[in-house]
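Trainee: Take this structure first; my questions come after.
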Amino acid sequence: QQQVRQSPQSLTVWEGETAILNCSYENSAFDYFPWYQQFPGEGPALLIAIRSVSDKKEDGRFTIFFNKREKKLSLHITDSQPGDSATYFCAVGANTGKLTFGHGTILRVHP
Amino acid sequence: GGIITQTPKFLIGQEGQKLTLKCQQNFNHDTMYWYRQDSGKGLRLIYYSITENDLQKGDLSEGYDASREKKSSFSLTVTSAQKNEMAVFLCASSIDSFYAEQFFGPGTRLTVL
């Protein structure tokens, strides 16, 4: 049973557009939702994270929208840049140290 | 700042062979992790260690052993490599196990012939 689902599997946008990446989860006990960004040949790196007490978290061009009732969240990347081309992983966790990752969304930004 | 070093970068083994992957961090972090990444399947947790003398199984621990030799190092052993297996093994560390950012190494790419 896949606990974290991401969609779409891949996404292509033009430079300057807004990319929207979606994530849903099964277990309402999760209360920590980080997004990790991974470039080819590198390990993932934390991009932005939200706790379940908030419904929105913004950091520059990156915004997480969180809907606790529906167990869904999305990552919005505004004014997308070619350098944002990467794989984005949604993860879920609690205060146990364990994170469960989704399968990732491959984002391509065309100049 | 700090860095996570994984050795080797590439590992080629034979079916049935026992293989060991090593990870070192100089963040002085308490918690360390081993993940397996398969193409299109995200990251799956193999083992993690909350503190120096702790070892806990993740969702994918069967076929693997792990050892936290000291606070800065965490090794993973593939007990019997499976033919045609190909994956990237990622080591990570975090300051503690409570909602903390995980910092990842560059990975060890395993190929089994």
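Trainee: How large is the translational diffusion coefficient of chain A in µm² per second when you combine the Kirkwood radius over alpha carbon pairs with Stokes-Einstein at 37 °C and 0.692 mPa s?
Mentor: Taking Rh from Cα pairs, D becomes 235 µm²/s.
Trainee: P(r) of the range A:1-40 in 10 Å steps, Cα pairs, percent per bin?
Mentor: 19, 49, 25, 7
Trainee: Distance between the C-alpha centers of the range B:9-34 and the range A:56-73? Whole Å please.
Mentor: A separation of 34 Å, based on Cα centres.
Trainee: Shielding by partners for A:92-103, please: the mean number of other protein chain Cβ atoms within 10 Å of each residue's Cβ.
Mentor: 6
Trainee: Take every residue in peptide B:91-100, count the Cβ atoms of other chains within 10 Å of its Cβ, and give the average of those counts. Spell out each step's value before the answer.
Mentor: Numbers: counts 1, 3, 0, 3, 0, 2, 5, 6, 10, 6.
Counting Cβ atoms of other protein chains within 10 Å of each residue's Cβ and averaging gives 4.
Trainee: Follow-up. Select from A:Gln6, A:Gly60, A:Asn95 the residue farthest towards the positive end of the dipole of the range A:4-110; place +1 on Cβ of Lys and Arg, -1 on Cβ of Asp and Glu, and compute about the Cα centre.
Mentor: Going by the Cα projections, it comes out as A:Asn95.
Trainee: Quick one: which residues, 5 or more positions from B:Thr31 or on another chain, have an amide H under 5 Å from its amide H? H modelled 1.01 Å from N in the peptide plane, none for Pro or chain starts.
Mentor: Under 5 Å from the amide H of B:Thr31 lie the amide H atoms of B:Ser94, B:Asp96, each far enough along the sequence or on another chain.
Trainee: Any idea how far the Cα center of the range B:80-101 sits from the one of the range B:45-60, in Å?
Mentor: 10 Å
Trainee: Provide the net charge surrounding A:Thr96, with neighbours chosen by a C-beta distance below 15 Å and charges set as Lys +1, Arg +1, Asp -1, Glu -1.
Mentor: Details: positive: A:Arg51, A:Lys98, B:Lys57; negative: A:Asp31, B:Asp30, B:Asp54, B:Asp59, B:Asp96.
Once all neighbours under 15 Å are counted, the net charge is -2.
Trainee: Also: How much of the DSSP beta bridge set in chain B is antiparallel, as a percent to the nearest 5?
Mentor: 90 percent
Trainee: Using only C-alpha atoms and all pairs of different ones, pull out the Kirkwood radius for the range A:47-106 in Å with one decimal.
Mentor: 12.7 Å
Taken together, the values in this text are just the output of simple stated rules run on the coordinates, not laboratory data. Keep in mind that what you see is a predicted model, and the values were worked out from it rather than measured. Virtual Cβ from ideal backbone geometry, glycine too; neighbours counted across all protein chains shown.
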